[in-house]
Each structure stands twice: as structure tokens, then as C-alpha cells.
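Below is one structure; the comments refer to it alone.
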Amino acid sequence: MSLWESVFLQVHLYPIDFFFLLIDIWNMPNIKFSYLYRDAGNYKNYGHVIFANPNNLSLEQVMDLIKPKLIDGTWFYAKELGLPDLHFDRWDEELDHGFHEFEGVEFTDEEVDVFLMLFRNS
């Protein structure tokens with residue numbers, strides 16, 4: 001018996017069902033991580049990055065991995081997480097600071113644009 005036949009028998013799938021299972025895995029939704037930079041004058045610059053979701057994590061699991069990286073549950077330094085900086089072109093000593101603000105995560109079919117492991121354990 002071949003390895004594939006053994007897999008089909010063990011999980012009670014016919015080859016066509018296994019094929020569709022693989023398609024579902026390949027088509028798992030990516031994760032959209034939305035954040036912004038807000039200066040002291042309340043001017044905002046919004047951004048997001050799209051991460052692959054190779055482990056098919058739920059949004060709750062993603063949030064559990066993100067929360068420990070946030071300062072007071074909201075802020076983070078983009079550079080420390082390897083994310084694009086959203087500061088404005090000109091730095092104003094009276095209005096600017098280093099923090100970025102986390103907005104949320106959601107599933108998306110948009111193409112992956114960041115190949116970092118934001119969610120690895122530190």
C-alpha cells in the first residue's frame with residue numbers, strides 16, 4: 001500500500017476529497033493587520049499589511065499573539081515589529097512621537113505583502 005493510500009484510508013477520504021482539502025488549505029484567508037500613526041495634533045496616517053496565515057489561525061488566536069507585543073493594549077513601535085513606518089514626511093518635535101496605534105485584524109483574500117513572522121513567539 002502506498003503512503004497516499006494509507007492516508008486516504010486513515011482519514012476516510014477519497015482522493016478527490018483529499019484534493020479539495022488541500023485546496024481549502026491553500027486558499028486559507030490571509031490576515032490584514034491595520035494600524036495608524038496619530039501625531040499629537042490628531043493628524044492620522046493609516047496603513048495595513050497582509051500576512052500569510054499558514055497555520056490557519058483564528059482571529060482570536062492572532063489577537064492572543066499580538067496582545068503581548070502592544071504597549072497598554074494599543075501602541076507599538078513599527079520598526080520593532082518590522083512593519084512599515086507611517087510617520088509623516090516631516091518630523092515635528094512638538095507633535096511627533098515613536099508610537100503607532102493598533103486598529104485590528106481581519107481575514108482577507110488580498111495578496112500577502114509582508115513576509116515577516118509578526119506572530120512568532122518572542
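Things to note:
- No other residue among Glu111, Glu60, Glu93 is outside any loop (DSSP other than H, G, I, E, B) and not aromatic (Phe, Trp, Tyr) apart from Glu60.
Let's see how each residue does on (1) surrounded by 13 or more Cβ atoms within 10 Å (Cβ to Cβ); (2) at pLDDT 90 or above; (3) farther than 30 Å from Met28 by Cα:
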{"position": "Ala40", "(1), (2), (3)": "no, no, yes"}
{"position": "Gly73", "(1), (2), (3)": "no, yes, no"}
{"position": "Tyr77", "(1), (2), (3)": "yes, yes, no"}
{"position": "His87", "(1), (2), (3)": "yes, yes, yes"}
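- Residue check for Ile23: among the hydrophobic types (A, V, I, L, M, F, W, C), modelled with pLDDT under 90 and either within 25 Å of Val105 (Cβ to Cβ) or within 13 Å of the chain's Cα centre (by Cα) (or both): yes
The values are calculated or read from the model by the stated rules, or taken from the named source; none is laboratory data. Since the model is a prediction, treat every value here as computed from it, not as a measurement. Reconstructed Cβ throughout: ideal geometry from the backbone, glycine too, with neighbour counts over all protein chains shown.
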